[in-house]
Amino acid sequence: MTRSRAAVVRRFGGPEVLEITEVATPRPGPGQIAVRVRAIGVGFTDLMARSGDYLLQRRLPFTPGYELVGELDDGRLVAMSLPKMGAYRDHVVVPSWLPVPLPDGLDPVAAATIPLDYLTALSLLEKHARVETGDAVFIQGAGGGVGAALSRLGKLKGLKMYGTASSPDRLSTNGVRFIDYRSQDFETVLAEEEPDGVRAVFDHLGGAMVRKGYRALAPGGVLVSYAFSGRPGHMVADTVKGAIGVGLRGLLPGKRTALCMVPREVKSDHTWYRDSLRRLLDLAAEGAIHAEAGAVFPLAEAAEVHRALQHREITGKVVLTTE
Ligand SMILES: NC(=O)c1ccc[n+]([C@@H]2O[C@H](COP(=O)([O-])OP(=O)(O)OC[C@H]3O[C@@H](n4cnc5c(N)ncnc54)[C@H](OP(=O)(O)O)[C@@H]3O)[C@@H](O)[C@H]2O)c1
């Protein structure tokens with residue numbers, strides 16, 4: 001039996017619970033394909049799952065990670081967004097519809113920054129908000145992984161964008177009007193700048209932010225929630241409560257609400273998933289969207305990467321490599 005490495009969480013906790021262990025290399029069954037992992041995208045969701053704060057990953061033990069780039073047995077490079085966590089390892093076995101070929105010229109490490117954040121952004125914009133060129137929108141956390149992907153796709157679509165962040169650094173190049181969440185109230189800024197309201201609000205914080213975002217909408221506008229992560233340590237309960245609240249609010253007349261959960265969408269709509277990821281990888285290969293890792297570390301340093309991200313010592317999208 002051949003052996004390979006996997007990062008495993010056996011109990012929820014701090015970065016130290018993320019252990020690199022030796023495991024049997026998985027073998028594909030019917031309808032599955034083996035992939036040698038080359039690069040893994042790290043998202044905030046991985047940290048939430050590790051600490052037990054993520055509704056979709058409550059079982060132990062598990063391997064974190066939703067996105068990767070790898071190599072098939074015939075040498076072809078592929079990217080994928082997993083419907084269930086498990087990317088932090090040397091080898092994965094996945095359903096054969098999941099891998100999407102990498103276009104020529106796209107660097108595998110850069111490509112690993114694309115799947116989850118950009119599929120989420122595309123789903124938010126096209127499936128849930130259905131925004132049009134020229135629409136004014138508000139992006140909560142526009143400098144984060146999903147927020148930056150939303151901003152870049154929004155710029156390509158010609159949206160008028162407002163976004164919160166702690167610093168303007170990553171917003172102006174994406175054409176987003178900066179609102180400092182530490183010193184400004186976004187509802188007040190939007191009321192001044194867009195007195196008729198915005199067409200769409202994208203929120204990952206939940207609670208009061210959802211209520212304020214909903215009030216900032218124009219008649220016929222839509223609030224799309226894709227996480228409820230405003231209170232670390234309470235995200236499981238907040239997600240359940242928040243999802244119910246967003247659903248109920250959607251029953252009110254005049255405005256819409258929607259919930260986006262990409263791992264579920266990958267699993268339930270293979271055609272949307274494959275077409276969308278192919279399109280995004282092509283955009284990255286053409287340089288139309290900026291695909292670049294903010295930092296690259298070996299898989300063996302996954303726990304240290306989680307620690308540094310938690311303490312905000314690293315910014316930008318982090319990629320782990322198996323070499
Ligand atoms: N629904 C889905 O399918 C899906 C997919 C991917 C991710 N997610 C979820 O989306 C969330 C974001 O993930 P991510 O990987 O993009 O995380 P991330 O890179 O850490 O980004 C989060 C952003 O939130 C901003 N932020 C923090 N406190 C804020 C506040 N009080 N007001 C406004 N913005 C604030 C931060 O801004 P600064 O850096 O400027 O402080 C940061 O840029 C997570 O909860 C994740 O689980 C959901």
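The values are calculated or read from the model by the stated rules, or taken from the named source; none is laboratory data. Source: prediction; values computed, not measured. Heads up, the Cβs are rebuilt from the backbone with ideal geometry, glycines too, and the neighbour counts pull from every protein chain shown. SASA here: full protein model, heavy atoms, side chains in, ligands and nucleic acids out. Shrake-Rupley method; radii C 1.70, N 1.55, O 1.52, S 1.80 Å.
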Original post:
Based on what the data block shows, is PRO99 in contact with a Leu (Cβ under 9 Å, 6 or more places away or on another chain), of a type outside the set (Gly, Ala, Ser), touching a residue at least 24 places away in the same chain (Cβ under 8 Å) and buried (at least 20 other Cβ atoms within 10 Å of the Cβ)?
Top reply: yes
Original post:
So, in the range 160-177, of the ones that are within 14 Å of the ligand (Cβ to nearest atom) and of a type in the set (Gly, Ala, Ser), which residue ends up most open to solvent (accessible area, probe 1.4 Å)?
Top reply: SER172
**OP:** Filter the strands (runs of 3 or more DSSP E) completely within the range 24-135 down to those with at least 3 residues that are among the β-branched types (Val, Ile, Thr), farther than 21 Å from SER276 by Cα and not assigned by TED's automatic domain parsing to the domain that holds PHE202.
**Re:** none
Original post:
Quick one: is ALA149 part of a loop (DSSP other than H, G, I, E, B) and crowded, with 24+ Cβ neighbours inside 10 Å?
Top reply: no
Original post:
In the range 279-318, what count of residues is obtained for those that are farther than 19 Å from ALA121 by Cα, open to solvent by less than 80 Å² (accessible area, probe 1.4 Å) and at pLDDT 95 or above?
Top reply: 14
Original post:
What are the residue pairs meeting all of these: first residue in the range 188-210, first residue over 17 Å from GLY247 (Cβ atoms) and not assigned by TED's automatic domain parsing to the domain that holds THR133, second residue open to solvent by 50 Å² or more (accessible area, probe 1.4 Å) and assigned to a loop (DSSP other than H, G, I, E, B), Cβ atoms under 6 Å, and 6 or more apart or on different chains?
Top reply: none
Subject >> Test: VAL224 is within 12 Å of the ligand (Cβ to nearest atom), over 29 Å from GLU313 (Cα atoms) and either touching a Pro at 6+ places or on another chain (Cβ under 8 Å) or open to solvent by less than 20 Å² (accessible area, probe 1.4 Å) (or both) >> reply: yes
**OP:** Test LYS255 against the stated conditions and say whether it is within 16 Å of the ligand (Cβ to nearest atom) and of a type in the set (Lys, Arg).
**Re:** no
**OP:** Check whether at least one residue in the range 148-159 is in contact with a Phe, Trp or Tyr (Cβ under 7 Å, 6 or more places away or on another chain) and within 13 Å of the ligand (Cβ to nearest atom), and report yes or no.
**Re:** yes
Original post:
Is it true that SER276 is surrounded by 14 or more Cβ atoms within 10 Å (Cβ to Cβ), hydroxyl-bearing (Ser, Thr, Tyr) and assigned to a loop (DSSP other than H, G, I, E, B)?
Top reply: no
